[in-house]
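Structure, as structure tokens:
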Amino acid sequence: MTALIGTLPRHYDRLGLTRGVIREWEDGLRTAAAVGTFEWWYFDAHLDDGSTITVEFHTKPPYVSPKAPLTPFVLLTITDAAGVRVDRTYLGEPSEFAASQSHCDVVIGPNTFRRDVNGYTIHVEIEDVVADFTLHAEVPPWRPETGHAFFGEREEHYIAWLPVVARGAVAALITIGGRAQQRLGTGYHDHNWGNIAPRKVLDHWYWGRARVDDYTVVTLNFVSHDNYDNVRLPAVMVAKDGEILTSAVGADRVTFSATDLVEHAETAIPVARRLEYMVRDGDAAFQVTFEHRRDAFTLDLGEPGAYLRFTGDVNLEHHSGGEVATASTQSLWELLYFGARRARSTPPAQPLIGHQA
């Protein structure tokens with residue numbers, strides 16, 4: 001069966017999109033929270049005390065089927081520099097959910113995820129934690145072509161991804177148990193939605209982003225399920241000084257390799273310790289590599305698969321006009337895996353947190 005990224009005029013017409021133009025409504029509610037769909041708004045930040053933050057607003061918890069009715073859900077994770085995590089979840093009633101279709105304005109009980117002329121404001125209030133964040137974009141919004149991967153002979157199923165803020169300035173006020181801290185940092189926001197569970201159509205994906213000196217990098221590599229011919233669907237964006245230098249989508253534009261494969265000790269899934277994306281864009285060329293240092297987070301899903309986060313070195317080469325600029329940093333990237341793996345006698349079964357499986 002077919003698996004492809006929507007790049008053709010008919011895809012843009014079908015979705016009401018304009019090539020190269022991203023409008024505010026695209027970050028609004030896209031699914032009407034209907035049965036048979038999923039949708040979430042995601043934010044993460046790296047703060048100046050070495051801590052990391054993730055916030056997710058879902059129309060349905062990520063551990064249930066898209067076929068479930070509206071069940072609003074918020075997930076907040078705070079991980080300090082020593083790796084100690086604080087997790088809070090909010091499971092709301094349908095009446096506690098509201099979202100605008102004209103722009104990003106999502107309400108789930110006391111929690112809000114909003115955009116206005118000054119940027120994004122995110123408020124999370126769960127149990128003993130109250131957190132407020134502002135996010136001001138430093139890079140133009142990016143959509144990889146239509147942002148939709150289509151599946152099926154009639155392209156009836158889709159998964160969509162809109163990295164609205166690939167890099168932005170963050171201010172945070174976080175109160176835990178009555179103790180408040182103010183922090184600054186760098187953040188990211190994307191928006192995901194679809195009408196089929198990813199595990200039904202995907203074998204796995206690698207996703208990564210990094211601030212590499214003055215460069216900003218976002219990468220994605222979907223590989224479709226066996227039933228959809230294991231098609232590779234990559235996308236890469238590289239920006240510098242507030243300008244997108246390259247936006248490359250599809251296997252004809254992006255050369256991808258996953259090497260130094262090992263079996264993950266805890267989950268028995270295959271993991272590539274080195275990822276490489278290569279893009280040629282006119283006279284310029286870009287090479288982005290991710291090299292594994294350690295596992296940052298492991299969630300074994302039992303039979304459905306596993307979700308892993310890694311930390312390591314991210315290296316960028318920018319070839320232009322006969323010159324080569326190089327930069328490197330350390331960052332996070334992830335693998336969400338639904339494919340085959342070695343059988344284990346007692347596979348654990350845990351709910352998926354962070355993605356709609």
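The values are calculated or read from the model by the stated rules, or taken from the named source; none is laboratory data. Here the structure is a predicted model, which is why all the values come from computation and not from measurement. Here Cβ is always computed from backbone atoms with ideal geometry, including for glycine, and neighbour counts include all displayed protein chains.
Annotations for the structure displayed:
- Any hit, the stretch 83-103, residues being buried (at least 17 other Cβ atoms within 10 Å of the Cβ), within 22 Å of residue 196 (Cα to Cα) and modelled with pLDDT of 95 or more: yes
- In the stretch 1-13, the qualifying residues are those that are part of a helix (DSSP H, G or I) and within 24 Å of the chain's Cα centre (by Cα), and the one that is nearest to residue 203 (Cα to Cα) is 11.
- Residues (modelled with pLDDT of 95 or more and either among the acidic types (Asp, Glu) or surrounded by fewer than 23 Cβ atoms within 10 Å (Cβ to Cβ) (or both)) located in the stretch 209-218: 215
- Some residue of the stretch 62-73 being in a strand (DSSP E or B) and more than 20 Å from the chain's Cα centre (by Cα): no
- Residue match in the stretch 138-148 (condition: within 21 Å of residue 62 (Cβ to Cβ) and either in the same structural domain as residue 22 (by TED's automatic domain parsing) or among the basic types (Lys, Arg) (or both)): yes
- Of all residues in the stretch 178-207 being within 14 Å of residue 46 (Cα to Cα) and either touching a His at 6+ places or on another chain (Cβ under 7 Å) or in the same structural domain as residue 245 (by TED's automatic domain parsing) (or both), the one that is modelled with the highest pLDDT: 185
- Residue match in the stretch 282-290 (condition: modelled with pLDDT under 95, in the same structural domain as residue 251 (by TED's automatic domain parsing) and not hydrophobic (A, V, I, L, M, F, W, C)): yes
- Scan of the stretch 178-210 for residues that are under 15 Å from the mean Cα position of the chain (by Cα) and of a type in the set (D, E, K, R), ordered by number: 190, 209
- The test for being of a type outside the set (Ser, Thr, Tyr), free of Cβ contacts under 8 Å to residues at least 24 places away in the same chain, more than 29 Å from residue 67 (Cα to Cα) and outside the structural domain of residue 148 (by TED's automatic domain parsing) holds for residue 261.
- If only residues of the stretch 3-28 that are among the aliphatic types (A, V, I, L, M) and in contact (Cβ under 8 Å) with a residue 40 or more places away in the chain are counted, the one that is farthest from residue 166 (Cα to Cα) is 3.
- Pick from the stretch 241-267, criterion more than 22 Å from residue 331 (Cα to Cα) and surrounded by 15 or more Cβ atoms within 10 Å (Cβ to Cβ), ranking: modelled with the lowest pLDDT: 267
- Residue satisfying all of: in the stretch 148-177; in contact (Cβ under 8 Å) with a residue 40 or more places away in the chain and not in a strand (DSSP E or B); farthest from the chain's Cα centre (by Cα) among these: 177
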